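Take a look at the structure set out below.
Rule-based calculations on the coordinates, nothing more; no lab input. If you're wondering where the values come from, they're calculated on a predicted model, not measured in any experiment. Glycine gets a Cβ as well: all are built from the backbone with ideal geometry, and neighbour counts include every protein chain shown.
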Amino acid sequence: MFCSNCGKEVKGNFCGACGTKVVGNTVQEENSTIKVEEGTSRNVVLTVTRTKKILGFAISFSVYVDGVQIGSLGNGKSLTYNVSEGNHKVVFKCVEKDVIQEINVLSTTNSVEVVCHAKMGLVAAVANVDEVKYN
Ligand SMILES: [Zn+2]
């Protein structure tokens, strides 16, 4: 069994680490955790699309959402990722610099698409965000 307060493994009725009283069994704890997640999160599909261009076509951009790498975005490709409601930071890691695009997912948002293309920077192609579409 694990403490509902601090997450440490508990032997007996009280957590040895923080003193919280532990009730119920492991199965009930798992069920209640799942219910909380269902009630608070709604996933919206984020699509990051790179328009096909001849310029800088060989260079892929690594795309991160809230610090998590969601994939490598090649010329004319798309990546998809599930995001929750709220603000998220989409980062295109380019050779020269990071291009950051903030998105804001509302309760009425069904999907988000960030459209970019490669433009020439000083030494290499850089992602340029053309538009953010909220559906
Ligand atoms: Zn504890």
(message) If I fit a long axis through the Cα atoms of helix 26-40 and take the longest principal axis of the Cα atoms of the chain, what angle between them do I get, 0 to 90°, rounded to 10?
(response) 40 degrees
(message) For the pair residue 18/residue 108, report the inter-label distance in nm, with labels modelled 7 Å from Cα in the Cβ direction.
(response) 3.9 nm
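Under the 0.36 nm per residue contour assumption, what length would be gained going from the current alpha-carbon distance of residue 101 and residue 87 to full extension? Working shown, then result.
Details: separation 14, 0.36 × 14 = 5.04 nm, distance 1.05 nm.
Extending this stretch completely gives an extra 4.0 nm.
At 0.36 nm per residue, minus the direct Cα-Cα distance, what do residue 57 and residue 123 gain on full extension? Give it in nm, one decimal, please. Spell out each step's value before the answer.
Numbers: separation 66, 0.36 × 66 = 23.76 nm, distance 1.42 nm.
My answer for the length gained is 22.3 nm.
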(message) Using helices alone, I'd like the mean residue ellipticity at 222 nm for the chain: each DSSP H run of four-plus residues gives -39500 (n - 2.57), total over residue count, nearest 500.
(response) -3500 deg cm²/dmol
